[in-house]
């Protein structure tokens, strides 16, 4: 979701972001299906299961439509695909309104037409932007977080289901994006509970 200002940077940033496609192509040398996740994702539970009929799995931003039109419907930091989509994704990026991220909409349409698109639920790749750029006020979103200890996860639920992963920059901002509102709220929320897995997790994200 991060934005880099200035025309001079646009071409350089697009080339950098398409290193994702280069990495995925390299991975496809030994497999037909690949996961890709950004390094700033914290995993709180096992990876989600991909339906057997899917060939492409993407993570919607779950933000207001005006921001989707700017940044793209899907987040480029958490995805699963088979090898057939990489060249199409790369080609779509040349005319994409927002780097490689908005170009995911092009390959999503292809997969949707064949019934092979899977969209991860909101508990997966929970980005800081979902609390800031949603149509719902932050207080409504915050009320959906809860603790449930007896399950195969760190024990945090969102909207009644285990929170699988969080996508944020815990220690810094990136370009003109600032996740500190989400980060500070989440730390305060987690500190209320004397739950060992949660205490250990807070230590790993302490800055």
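Read-outs throughout are calculated quantities, based only on the coordinates presented, and are distinct from any laboratory measurement. In this text the structure is predicted, and so the values were computed from the model without any measurement. For neighbour counting, all protein chains shown are included, and Cβ atoms are generated from backbone atoms with ideal geometry for every residue, glycine included.
General remarks:
- Sorting 35-45, 68-78 by average packing, meaning the other beta carbons within 10 Å per residue, from highest down gives 68-78, 35-45.
- Computed from the C-beta positions of residue 191 and residue 88 and an R0 of 45 Å, the FRET efficiency is 0.50 to the nearest 0.05.
- Across region 126-204, the mean sequence separation of Cα contacts (distance under 8 Å, 6 or more residues apart), normalised by length, yields a relative contact order of 26 percent.
- Counting only DSSP beta bridges with both residues in region 126-204, the antiparallel share comes to about 75 percent.
- Label zone at residue 70, where the point sits 7 Å out along the Cα-to-Cβ direction: region 126-160 residues whose backbone N lies under 15 Å: 129-135
- For region 66-207, the calculated P(r), taken from all Cα-Cα distances in 10 Å bins from zero up to the bin holding the longest distance, is 10, 35, 32, 20, 4 percent.
- Chain lengthening between residue 178 and residue 136 when straightened (0.36 nm per residue, less Cα-Cα): 13.2 nm
- Efficiency of FRET from Cβ geometry, residue 37 and residue 116, R₀ 25 Å, rounded to 0.05: 0.75
- Extension gain for the segment residue 202 to residue 106, taken as residue separation times 0.36 nm less the Cα-Cα distance, is 30.8 nm to one decimal.
- Summarised in one figure, the compactness ratio Rg/Rh of region 126-204, Cα atoms and Kirkwood Rh, is 0.95.
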